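First comes the structure, then the notes that go with it.
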Amino acid sequence: MFTPSQHDVRRFFCEAYRKHQGNQVLTPLEAIARDWIVQHPEYHEALRDVDEALAADYSIERGHSNPFLHLSMHLSITEQISIDQPPGIRGAFQLLAQRRGSEHEAHHEIMEALGEMIWNAQRSGLPPDGAAYIDNIKRRAQG
């Protein structure tokens with residue numbers, strides 16, 4: 001399993017942004033990252049300088065959202081949907097996106113459900129519950 005470091009993740013997004021800005025060829029994963037970067041212009045400044053990105057502190061105490069975590073979650077959810085893993089996420093996403101009228105907004109709601117699943121797993125010491133995660137997304141689509 002590939003487990004990139006925090007610096008690896010930050011370098012990846014900065015490089016995808018740099019290539020996008022320079023109209024250079026992107027890898028397939030960089031192209032997906034670029035699509036999310038384009039939808040988040042508020043993060044462009046954070047992606048411009050890799051050295052600043054590596055040094056940036058996005059701790060909760062500082063009160064700033066972490067653009068690299070946010071973009072990583074978009075990538076993760078995109079991958080989950082593309083392979084329908086956990087099973088049912090593709091359908092739950094489509095339902096949520098239809099109800100919200102926006103795939104982007106659906107992603108943001110799924111991020112909340114993903115965060116809840118991870119928090120619950122950490123708190124309980126049990127593996128993440130994919131079925132509960134999908135149920136959470138479906139409930140959001142119904143509400």
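With runs of 4+ DSSP H residues as the only contributors, calculate the mean residue ellipticity of the chain at 222 nm using -39,500 (n - 2.57) per run, divided by the residue total and rounded to the nearest 500.
-22000 deg cm²/dmol
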Rounded accessible area of Tyr17 (nearest 10 Å², 1.4 Å probe):
10 Å²
At 4 °C and a viscosity of 1.567 mPa s, what translational diffusion coefficient does Stokes-Einstein give for the chain, taking Rh as the Kirkwood radius over Cα pairs? Give it in µm²/s as a whole number.
80 µm²/s
In nm², what is the average projected area of the convex hull enclosing the Cα atoms of the stretch 80-143?
3.9 nm²
Show me the three semi-axes of the equivalent ellipsoid for the stretch 49-112, from the C-alpha gyration tensor (sqrt of 5 times each eigenvalue), largest first, rounded to whole Å.
28, 13, 9
For the chain, with only Lys/Arg (+1) and Asp/Glu (-1) charged at the beta-carbon, what is the dipole magnitude about the Cα centre, in debye rounded to 20?
340 debye
Along the positive direction of the dipole of the chain (beta-carbon charges: Lys, Arg +1; Asp, Glu -1; about the Cα centre), which of Gln80, Met111, Gly143 reaches farthest?
Gly143
Evaluate the distance, in nm, between pseudo-label points positioned 7 Å from the Cα of Ser5 and of Arg99 along their respective Cα→Cβ axes.
4.2 nm
Sorting Glu79, Glu15 by accessible area (1.4 Å probe), largest first, what list results?
Glu79, Glu15
Taking only protein heavy atoms and a 1.4 Å probe, the highest-to-lowest accessible-area order of Lys138, Lys19 is Lys138, Lys19
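The values are calculated or read from the model by the stated rules, or taken from the named source; none is laboratory data. Source: prediction; values computed, not measured. Counting neighbours? That spans all protein chains shown, and the Cβs are built from the backbone with ideal geometry, glycine included. The accessibility values were calculated without ligands, DNA or RNA, using every heavy atom of the protein model including side chains. Shrake-Rupley method; radii C 1.70, N 1.55, O 1.52, S 1.80 Å.
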